[in-house]
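K.L.:
Pasting in a structure now, in structure tokens, and then I'll have a few things to ask.
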Amino acid sequence: MNKSNLLQQDLLGLEISLGEIKHLTGIDPEDIFRPSTLRDSNKKWTFWLNEISIALALTPILLGVVYVFIILPTRGASLKWAILLIVLFPIVIVVGRLIWLKKHSPDLLVNLLDEIDKYHAVVKAIDIKYQLETVSNYSSSLDERKQVIAALQLTREDLVRALKSDRILRENKQLLPTNTELLTNNLAALQALQINASADEYGRLLNESWQISLTVQEEMRKLLNQR
């Protein structure tokens, strides 16, 4: 097996797919309202287009029900009311969905999904760095790359553990976690990897992996302190 194949294969299995997140949490991540989505120009437009599409699809149904059972019996056939409802219903549906999504989006899960996005950004950065090195015929230390991959694997474990813990706590609201099992993490192992980390791009990516795990730990501790 040549070096190129080895470097490509060591990224396999690091991604946390939407399907895996749904399996671990019992919630479709697409149904979670995340304020960070509205700060991302690409995701923001996708989000609003999706919400507007849903509103436009529901408007004829709700409009028909309201017009037939409320407007006609009380106001009679009225073009003015029909136009008013056509304008108002999409707005009401979008606002209503936003309120519903926000109410049914657990804070911890929202924050964990944001950290998963950061985690995937680090994985993508490693892939891009390798592609650039391939084009320029420059090869950085394989040991440094292995260190970052190892750090990402540890970070992935922390993220998966946190997603599982979030589901346990959501589905067992009377549970009072007095032990420290839910706070188990790989921070010590990640810090050990940082000791010999270089100051180059791989060193920065390794530090980002550590920061993600640290944030996950803080979110878990915050949740337990609120219970």
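The values are calculated or read from the model by the stated rules, or taken from the named source; none is laboratory data. The shown structure was predicted, so the numbers you read here are calculated from the model rather than taken from an experiment. Neighbour counts are summed over all protein chains in view; Cβ atoms, including those assigned to glycine, are modelled from backbone coordinates with ideal geometry. Protein only, heavy atoms only, side chains kept; ligands, DNA and RNA dropped before computing areas. Shrake-Rupley method; radii C 1.70, N 1.55, O 1.52, S 1.80 Å.
K.L.:
For Leu18, what charge total do you get from the other residues with a beta carbon under 14 Å from its beta carbon, if Lys and Arg give +1 and Asp and Glu give -1?
P.N.:
On the way: positive: Lys22, Arg34, Lys43; negative: Glu15, Glu20, Asp28, Glu30, Asp31, Asp117.
Result for the local shell: -3.
K.L.:
Please report the relative contact order for the chain, taking Cα pairs under 8 Å with a sequence separation of at least 6, and give it as a percent rounded to a whole number. Display every interim value, and only then the final one.
P.N.:
Details: 157 pairs, mean separation 57.9, N = 227.
RCO, the chain: 26 percent.
K.L.:
Kindly write out, for the stretch 205-222 in residue order, the coupling ³J(HN,Hα) from the Karplus curve 6.51 cos²θ - 1.76 cosθ + 1.60 (θ = phi - 60°), rounded to whole Hz, with x marking Gly and Pro.
P.N.:
After applying 6.51 cos²θ - 1.76 cosθ + 1.60, I find 5, 5, 5, 5, 4, 5, 5, 5, 5, 5, 5, 4, 4, 5, 5, 5, 5, 4 Hz.
K.L.:
FRET efficiency for Thr74 and Ser36, Cβ-Cβ distance as r, R0 = 35 Å, nearest 0.05? Walk me through the intermediate numbers first.
P.N.:
On the way: r = 44 Å, r/R0 = 1.27.
Calculated value: 0.20.
K.L.:
Which one is right for this structure if Cα Rg over 2.2 N^0.38 Å is calculated from it: (i) 1.11; (ii) 1.20; (iii) 1.38?
P.N.:
(iii)
K.L.:
Using a basic spin-label model with each label point 7 Å from the Cα along Cα→Cβ, how many nm lie between Asp127 and Ala192?
P.N.:
According to this spin-label approximation, the distance is 3.0 nm.
K.L.:
Compute the FRET efficiency between Lys118 and Ile168 as 1/(1 + (r/R0)^6), taking r as their Cβ-Cβ distance and R0 = 22 Å, and round to the nearest 0.05. Before the final figure, lay out the partial values.
P.N.:
Details: r = 24 Å, r/R0 = 1.07.
Approximately 0.40, to the nearest 0.05.
K.L.:
Further question: Each residue of the stretch 56-67 in order: what ³J(HN,Hα) in whole Hz does its phi give by Karplus 6.51 cos²θ - 1.76 cosθ + 1.60, θ = phi - 60°, with x for Gly and Pro?
P.N.:
5, 6, 7, 4, x, 5, 5, 4, x, 4, 5, 5
K.L.:
Can you give me the angle between helix 142-171 and the longest principal axis of the chain, using Cα atoms only, in degrees from 0 to 90, rounded to the nearest 10?
P.N.:
The angle comes out near 40 degrees.
K.L.:
Can you put Arg75, Arg145 in order of accessible area, largest first, using a 1.4 Å probe?
P.N.:
Values: Arg75 150, Arg145 5 Å².
The residues order as Arg75, Arg145, largest area first.
K.L.:
With each run of n ≥ 4 DSSP H residues scored as -39500 (n - 2.57), what mean residue ellipticity at 222 nm is computed for the chain after dividing by its residue count and rounding to the nearest 500 deg cm²/dmol? It would help to have the intermediate numbers written out before the result.
P.N.:
Working: 9 runs with 165 residues, N = 227.
So the helix-based figure for the chain works out to -24500 deg cm²/dmol.
K.L.:
Right, another one. Report in % the part of the accessible area of the stretch 76-150 that belongs to carbon and sulfur, leaving out ligands and nucleic acids; probe 1.4 Å. Show your work: numbers first, answer last.
P.N.:
Working: 2960 of 4360 Å².
Exposed carbon and sulfur together represent 68 percent of the surface.
K.L.:
Taking Rh as the Kirkwood radius, which is the inverse of the mean 1/r over Cα pairs, what is the Rg/Rh value for the stretch 1-97?
P.N.:
Value, to two decimals: 1.29.
K.L.:
Ok, one more. Lys/Arg Cβ at +1, Asp/Glu Cβ at -1, dipole of the chain taken about the Cα centre: which of Asn207, Val135, Ala121 is farthest positive-ward?
P.N.:
Ala121
K.L.:
Just the number please: accessible area per residue for the stretch 33-95, 1.4 Å probe, all protein chains included, in Å². Let's see the in-between values first.
P.N.:
Numbers: 4400 Å² over 63 residues.
Result: 70 Å² per residue.
K.L.:
Continuing with this model, one more query. For every other residue with a beta carbon closer than 9 angstrom to the beta carbon of Ser105, add +1 if it is Lys or Arg and -1 if Asp or Glu, then tell me the sum. Before the final figure, lay out each step's value.
P.N.:
On the way: positive: Arg34, Lys102, Lys103; negative: Asp31, Asp107.
It works out to a net charge of +1.
K.L.:
What angle do you read, to the nearest 10 degrees and between 0 and 90, between the alpha-carbon axis of helix 107-136 and the longest principal axis of the chain?
P.N.:
Tilt of helix 107-136: around 50 degrees.
K.L.:
Projecting each Cα onto the charge dipole of the stretch 1-144 (Lys/Arg +1, Asp/Glu -1 at the beta carbon, about the Cα centre), which of Ile70, Leu112, Ser36 comes out farthest on the positive side?
P.N.:
Going by the Cα projections, it comes out as Ile70.
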